[in-house]
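The numbers here are math on the coordinates, done by the rules we state, and not lab data. If you're wondering where the values come from, they're calculated on a predicted model, not measured in any experiment. Positions of Cβ are generated from backbone atoms using ideal geometry, with glycine treated the same way; all protein chains shown enter the neighbour counts.
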Amino acid sequence: MNPAHAADAAGYSAPTGDVILFAVMAAWVTFFALFTITRRNPVTAVMSLVATFFGLAAIYASLDAHFLAVLQVLVYAGAIMVLFIFVVMILNREEVAPLALRPTRILGVVAAAYLLYVFASVVGFGDKAAPTMAGPPVVAETYGTVAAIGGILFREYLYPFEAISLLLLVAIVGGVVVSRSHQKEVAALRAADYRKRVEELAEHDYPGTQEEPTATAGGHH
Amino acid sequence: MPSAYYLVLSFVLFLIGTAGVLLRRNALIVLMGIELQINGGNLALLAFARQLGDQKGHVFAFLVIALAAAEAAVGLAILVGLFRSRQTINLDEATLMKR
Amino acid sequence: MTFPLRLIPLLPFLGATVLMLFGRKWARDTVFVIAALAIGAACLVSLDAFFLVLPGTGAGGLSDVVMTWIATGDLHVDLAFRMDALSGVMCLVITFIGFLIHVFSAGYMAEEPDYARFFAYLNLFCGAMLVLVLGDSLPVMFIGWEGVGLCSYLLIGFWYSVTANADAGKKAFITNRIGDLGFLIGMFLLFYYTGTLSVPDITSAAVAPHSGLLTPFMGMPVAFWVAIFLFIGATGKSAQIPLYVWLPDAMAGPTPVSALIHAATMVTAGVYMIARMHAIYVMVPSAMAIVAVVGAATALFAAIIGFAQNDFKKVLAYSTVSQLGFMFAGVGTSNFDGGIFHLVTHAFFKAGLFLCAGSVMHAMSGSGDIRIMGGLRKKLPWTHGVFFVCWLAICGIPIFSGFFSKDSIIAGSFATEIYGEGLAWVGKLVGVMLMLAALGTAFYMSRLYFLVFSGDETRADDHTRHHIHESPPIMTGPLVVLAIGATLIGFIGLPADLWHHPEQNLLAHELEPVLEAGWVGPHLEVSHNTELIFMLVSTLIAFAGIGAAAAFYRGGYKEPARAFAAKFPGFVRLVQDKFRIDELYDFLIIRPIRAFSRGLFTFVDRIIVDKILVEGTGVVVDVFSRIARAVQGGDGQRYMAVFTIGVALLVHFATQPTLPFSKLKVTQTGRAVEVDARRGNRAPTRALEYAFDFGDGRPVVKGSAPEQRHDYDRPGSYTIHVKISDPLWGTEDAFKEKVEVR
């Protein structure tokens, strides 16, 4: 599939179209990611996130993760982002001041950036290169195919698979429960509130006549 | 094609996602930042899987995607609930726990 | 030999249970029949058993083991009953007199709404008392001991809606309890030093050659302490000095209760106990001396108090205390037969006296004040007759039972040899005190008789006077039986030497096998002449007392009485106030305890427990949660930011080759310098790379050695740079130090 594979058999290769391709895709992904988090309009943000995911799918493909690339498009860009769009449509509000630039948070971002620096040096990027990462090995033809992944998934990873389905069930139920309308509860709470206020008024006007809280209004005493 | 490039890209994605989570007020954007973080992780997983020639990383990433789906669903449901009771999704206004 | 002795206490217990559960719904007659039947049946079974026990018919003791009660470690106690002559006599007294009192109560309590409860308690009491006397071991006896204490409380405070009655019940129970502590300590000591609590085993342990009971403890053999502690229990239960104060107050209960419990049975438990444990007591004559002296002192003291009491039942109460003193003096002078004999005779005549009191109070519309009585001789013929007989008995007029028993004790105290040479005077002292007490007894009982029955007029008001009537037969019947008993029962204990017939004294003869076990040492023997002398002296004393009382009170308050009261008003009032012993106890004991409790309450309960422990815990939790809360503002993004910062810091410090704030160690000797870059390094297992630049233009020394030596050529001021790099993480640290070289 990938022309780079043939070159890999010889080991390390010089910057080829491979690298350029990667650079382009990386730029695409980074750009749209930045775009996402800096938009004021949520719809725009969602769209650019979708674009990010497409770019990521391409990168997955370049990593010989074909199955996952398709999955990324179908599930992530297709389903999850659609869900986001639904919600965005319901709650479409624009922010006045999008960014909350508070000291702790900025420091947090800085810390994350530092972590990136450490990470980069660990994986051998930059002039501190301790080359811990050699070139990728040769892989079989069936690498990253549906069949191969399916085989692992339903054999060694059967329990996690079942667990994940259970998790999805829980998520569905949880979603339904969380977004339930609490009208009946609210009504009951309001009624109790009303009764309490009536009693307080009665106590105020006719002190000492209140025996126990009853369902009827204080006027019966 | 050294894996280091992919890995750094994954961390960059993660970093962008973190920035989005920490610095935005709109809850929806925050959730999207979380998605970016997750995807950064996924990319790292697949890069290592390719590096080591092991497909278990793929399976792991698959499960992560399923998990992200569930998390997004529930998170959005909570968001909708928040909106219903507070009429806002501005996280700066969700300060009931503060004195 | 076994016999179903368990029936004897069981029948009254069953009666009590049945009556407590269902009595309220049944007719009074049914209730009475059940109760009387229970106690009557117990009496019959006791009789049956008793005749098996008598030495003549040969048996030597019946036993009935119900079950193994305690079996842990070294302690083995069975729930078992044993009847020998001693407990047999007690059983008969309890069941027979108990039966009579049940019958009397049917009439006396006829209008009582809580009829069933009364009879239930009466039955319960009888059951507990029977357990006490039939118990084969001290724990079983203690069950009965406690049980009668409980029933005493229940019955004294029977009309509990009157606070004074409830208080009297409490006083009785609490005072008893103090005595019980002594009993328990005695038990513990016994078990510790003999390893057993069963009475036959203790008896044999007492006479064993190297008995554990002879172990010295604080200068006296253990047996002494056991005896003393058990006696303390007896002072509580049997109302001796110092724990007698509850008995007069106990008159707040219904009169049948006073008759049964506080005259005939419960209060005699102490005497029985000492007779039972005689093996211990005869080992330590000094303890017996204490018992005898306390008994005699109580007898005298209570008799004096009786001189000035104005309540019928109170006079009798102090009389009981006094007569119990006689009994203790008896057993204290090793006259166990005499003590038990007096117990039996006293049961009859005192019960008779009390029931007469009930009859009189019934006639006087509930009043017991003897100041308003008088002339009842004609109006209450039956009651008068019974009282007359019992009066003569208690004063010690010959032929009547009290004469023989009292005389036995007085003679015995002079003739005893148990104390040995050193303490021989104790017997004489006791004897003299008892004679004085007998004189007093005659006086105050005669005072009572004359004030109540003699004369022609009743000093009460008209209304009361018109209601005076004799009691119905159901009440007078038992009275007569008791009077007959008071007359005749003396003949079971005729002095052995009187007609030179050793088996004259039936009672002593029966008790002999029981008392022989465990008794080594001088036994009591009263010579013929001594006996006669004391009989004569006792009679004289009795008549003297009666005569004096007659002079003072015959037919009412006469001139000598008034003159005395006028001359010594303070003394009269002191005696009337029972020498203010109760007030003394209140001052010495009760008030400090109350103050202490109040202090405890305010300090410990309010402050320590409520404030510090309870509220304090809450406050501590609150403070900590406030602190914890301050950290959280609910801002999730802030959490994440802090989290990220934390992770970054963690990663940073984990990947450095040296710890933060670490320094180089530079030692200088002349122109040579030693640099030690090890200080502050992480794990020595980490292979780090060092680069030393000594600042004098020489090439940088690289390597993996943390120490480097360097000689400087020229003096001057140099800066040493050291770089430490970690190949694993690719990180680096740099240090520099200034150095002056001369």
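So what's the net charge close to C:W69: Lys and Arg +1, Asp and Glu -1, counting the other residues with Cβ under 12 Å from its Cβ?
It works out to a net charge of -2.
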Checklist line | Nearest-0.05 FRET efficiency for A:I106 and A:Y194, computed from C-beta distance (R0 35 Å) | finding: 0.15
Next item on the list: Assign unit charges at the C-beta atoms only (+1 for Lys and Arg, -1 for Asp and Glu), then state the dipole size of region C:608-725 relative to its Cα centre in Debye, rounded to the nearest 20.
Entry: 220
Notebook entry, point to check: In peptide C:645-654, what is the residue-averaged number of other protein chain Cβ atoms found within 10 Å of each Cβ?
Noted result: 4
Check: What's the local net charge at C:R598, with K and R +1, D and E -1, over the other residues with C-beta under 15 Å away?
Finding: +2
Notebook entry, point to check: How big is chain B by Rg and Dmax over its Cα atoms, in Å?
Noted result: 16.7, 54
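Roughly what percent of Cα-Cα pairs across region C:550-683 reach past 20 Å?
The calculated P(r) of region C:550-683 puts 80 percent of pairs beyond 20 Å.
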Item checked: Shape box of the protein assembly as shown [Cα atoms, principal axes, largest first, Å] -> 146, 93, 62
Next item on the list: Classify region C:624-663 as rounded, prolate or oblate from the Cα gyration tensor: take a ≥ b ≥ c as the square roots of its eigenvalues, call it rounded if a/c is under 1.5, otherwise prolate when a/b beats b/c and oblate if not.
Entry: oblate
Check: Based on the Kirkwood radius over alpha-carbon pairs, what is the Stokes-Einstein translational diffusion coefficient of region C:1-80 at 10 °C with 1.306 mPa s viscosity, in µm²/s?
Finding: 108
Check: If you wrap a convex hull around the Cα atoms of region C:239-335, how much volume per residue is inside, in Å³?
Finding: 77
Notebook entry, point to check: To the nearest 20 debye, what is the magnitude of the charge dipole of the protein assembly as shown about its Cα centre, counting +1 on the Cβ of each Lys and Arg and -1 on the Cβ of each Asp and Glu?
Noted result: 2900
Notebook entry, point to check: Which value in Å is the Kirkwood Rh of region A:27-111 over different Cα pairs?
Noted result: 14.2
Next item on the list: Rounded to whole Hz and in sequence order, give me ³J(HN,Hα) for region C:65-73 from the Karplus expression 6.51 cos²θ - 1.76 cosθ + 1.60, θ = phi - 60°, writing x for Gly and Pro.
Entry: 9, 7, 6, 7, 8, 10, 9, 10, x
Item checked: Coordinate range along principal axes, alpha carbons of region C:601-741, Å, largest first -> 86, 41, 28
Notebook entry, point to check: What is the fewest-to-most order of C:F341, A:F84 by other Cβ atoms lying within 10 Å of their Cβ?
Noted result: A:F84, C:F341
Next item on the list: Post the alpha-carbon centroid distance, region B:1-76 to region C:80-140, in whole angstrom.
Entry: 92
Check: How big is region C:395-537 on each of its three principal axes, counting only the C-alpha atoms and giving the largest first in Å?
Finding: 64, 31, 27
Next item on the list: Can you tell me the relative contact order of region C:433-589? Whole percent, Cα pairs under 8 Å, sequence separation 6 or more.
Entry: 41
Item checked: Per-residue mean of C-beta atoms belonging to partner chains within 10 Å, peptide C:628-639 -> 4
Next item on the list: Could you line up C:D733, C:D676 from fewest to most neighbouring Cβ atoms inside 10 Å?
Entry: C:D676, C:D733
Next item on the list: Quick one: which residues, 5 or more positions from C:G374 or on another chain, have an amide H under 5 Å from its amide H? H modelled 1.01 Å from N in the peptide plane, none for Pro or chain starts.
Entry: C:R459
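From the C-alpha gyration tensor of region C:350-435, pull out the three semi-axes of the equivalent ellipsoid (sqrt of 5λ each), sorted largest to smallest, in whole Å.
On the way: eigenvalues 292, 36, 16 Å².
Listed largest to smallest, the semi-axes of region C:350-435 are 38, 13, 9 Å.
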Notebook entry, point to check: D for chain C, whole µm²/s, Stokes-Einstein with Kirkwood Rh over alpha-carbon pairs at 10 °C and 1.306 mPa s: what number?
Noted result: 52
Check: Per-residue mean of other chain beta-carbon atoms within 10 angstrom of the beta-carbon, peptide B:35-47?
Finding: 5
Notebook entry, point to check: Ranked from highest to lowest mean number of other Cβ atoms within 10 Å per residue, what is the order of the peptides C:302-314, B:65-77?
Noted result: C:302-314, B:65-77
Next item on the list: Give me B:L45, A:L168 ranked fewest to most by other Cβ atoms within 10 Å of their Cβ, as a rough exposure proxy.
Entry: A:L168, B:L45
Item checked: Kirkwood estimate for region C:114-229, i.e. one over the average of 1/r between Cα atoms, Å -> 15.9
Item checked: Peptide ranges C:205-214, C:325-334, A:45-54, C:465-474 listed from the most packed, as the mean C-beta count within 10 angstrom indicates -> C:325-334, A:45-54, C:205-214, C:465-474
Note to self: Using Cα-Cα distances under 8 Å and only pairs 6 or more residues apart, what relative contact order does region C:1-128 have, in percent?
What the structure shows: 40
Checklist line | Added length on full extension, which subtracts the Cα-Cα distance from 0.36 nm per residue, C:K663 to C:L14 | finding: 224.3 nm
